[in-house]
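The block underneath contains the structure these notes are about, expressed in structure tokens.
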Amino acid sequence: MQLPPFKLERYFARYEFAVRHLLCSSDCESVTVNDLLSFEADAKKALDHLWLGYTEPQGAPALRQAISRLYDTIGPDQVLVHSGAEEAIFLFMHAALSPGDHLIVHWPCYQSLYEVARAIGCEVTFWQARVDHGWSLDLDELVGHIRPSTRAVIINTPHNPTGWLMSRDEFDRLNRILEERDILLFSDEVYRESEYLTDDRLPAACDLNQQAVSLGVMSKTYGLPGLRIGWVATRHAGITDKMAAMKDYTTICNSGPSEFLAEIALRHRGRLIKRNLDIIATNLKLLDEFFQRCSSTFAWVRPKAGPIAFVRLIGCEADRFCHELVQKKGVLLLPGNLYGDGGNHFRIGFGRKDMPTALASLEQFVGSRNP
């Protein structure tokens, strides 16, 4: 198979470790290994004695047990652990799809959520989020997209890059629509538990729908991307069996130390969630004030979950604006054309402690362009 360059990841490869401020990060504030080990009195000793042999391909039993507790109907044997969410996406596409299958994808989205399917030989229809409706999706439009060859629907909620969150009524209807038609749902839930209001949190799709596969990861809400631990949870045994067999051709198994640390983090995930939601709340207040002051330059739909939003730039081309900003101020925003967006948006991230400093540099740059 031939895959085109991953535009967003190539952009980060160029800038992420060479700029002063990342104002577009999709993850939350991270912690040190020592921070995680301090959660449990004997964790340091246990890590010191961890055996560095191969781990179980499906994931360490204790880690799968910890992950299964995130769900209501999922047992440890219905969890498959991967090296990050990206491997899980790649293997799901290869396990579930065949050339000629039709895929419907929530858009804009992370490029691999459609590009891998295209490379397999699938037809892809974008189910477009509408900015004039708060980045929401139209379920009647989805029904109109469905064909006899439709094999799966891909959805991401809470959403990257907009921070949109589907309502419970719509989520229930979505799952009913697909179950009735025997269509798979791949539900990207990597920002689950980062909702600003707990009452807005959706159930996991795998708990509602036998045909649904829920994607989770340590990197976003919990702020632990360096662990490179992701997973899928599903009651669809055929999908996980195929994904597990294909994993023999990718990572085979995961990093033992990463699985050990991820298990600790999940046992204490409430502390990580609260810490990062507090950072997000503080930064959101600053952003509300900033966008009000700069309303002639920016327009945004305030997100409902997660550490990112998709902001429209007024009066200037977004790609050029982002390029000048990183060159002159060392502040990185993510231009929307990396998502294929034609609406002159950029992604802003606000899940990290240094966002106020980065935002001040952005405001200075805006002021210098609009004296």
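Readers should treat all values here as calculations from the given coordinates under stated rules, not as data from a laboratory. Remember, predicted model here, so these are calculated numbers, not experimental data. Neighbour counts run over all protein chains shown; Cβ positions are idealised from the backbone, glycine included.
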368, 30 arranged by Cβ crowding within 10 Å, fewest neighbours leading: 368, 30
Cα convex hull volume per residue for region 193-241 (Å³): 64 Å³
Stretchable slack from residue 45 to residue 273, in nm (0.36 nm times residue separation minus alpha-carbon distance): 79.5 nm
Mean Cβ neighbour count within 10 Å, used as a protection proxy, ranking 261-270, 295-304, 156-165 highest first: 156-165, 261-270, 295-304
Those residues of region 136-178 whose amide nitrogen sits under 15 Å from the label point placed on residue 210, 7 Å along Cα→Cβ: 176-178
Paramagnetic reach from residue 201 in region 252-268 [backbone N under 14 Å; point 7 Å along Cα→Cβ]: 266-268
Computed magnitude of the charge dipole of region 102-246 (debye, nearest 20; Cβ of K, R +1, Cβ of D, E -1): 500 debye
Greater than 28 Å apart at Cα, pairs in 45/247; 7/304; 242/304; 220/329; 328/353; 7/44: 45/247; 242/304; 7/44
Packing-based exposure ordering (other Cβ within 10 Å, fewest first) of 231, 107: 107, 231
Highest to lowest packing among 248-254, 321-327, scored as the average C-beta count within 10 Å: 321-327, 248-254
Whole-number percent relative contact order across the chain, with pairs defined as alpha carbons under 8 Å at least 6 apart: 25 percent
Base-10 log of normalised Debye intensity for region 1-66 (one unit scatterer per alpha-carbon) at q = 0.16, 0.20 Å⁻¹: -0.93, -0.97
Dipole magnitude of the chain about its Cα centre (Cβ charges: Lys, Arg +1; Asp, Glu -1), debye to nearest 20: 920 debye
Cα centroid separation, region 2-33 to region 244-264 (Å): 22 Å
Distance between modelled label sites at residue 2 and residue 354, nm, 7 Å Cα→Cβ extension: 4.0 nm
Whole-Å distance, taken between Cα centres, linking region 321-371 and region 52-122: 32 Å
Helix-derived mean residue ellipticity, 222 nm - over the chain, DSSP H n ≥ 4, -39500 (n - 2.57), to 500: -12000 deg cm²/dmol
Cα lying deepest toward the dipole's positive end in the chain, options 216, 196, 90, charges on Cβ: 196
The chain - share of DSSP beta bridges that are antiparallel (%, nearest 5): 50 percent
Hull-based mean projected area of region 153-298, where the convex hull spans the alpha carbons, in square nanometres: 11.0 nm²
Separation in nanometres of the label points that stand 7 Å from Cα toward Cβ, at residue 32 and residue 286: 2.3 nm
Vicinal HN-Hα couplings computed from phi for region 186-195 (Karplus, 6.51 cos²θ - 1.76 cosθ + 1.60; Hz; Gly/Pro x): 9, 9, 7, 10, 5, 9, 4, 6, 10, 5
In order through region 204-214: 3J(HN,Hα) via Karplus (6.51 cos²θ - 1.76 cosθ + 1.60), integer Hz, x for Gly, Pro: 5, 4, 5, 7, 9, 9, 4, 8, 9, 10, 9
Residue order, fewest to most surrounding Cβ atoms within 10 angstrom, among 259, 87: 87, 259
Sparse-neighbour loop sites [trypsin sites (Lys or Arg not before Pro); region 332-371; at most 16 other C-beta within 10 Å; DSSP]: 353
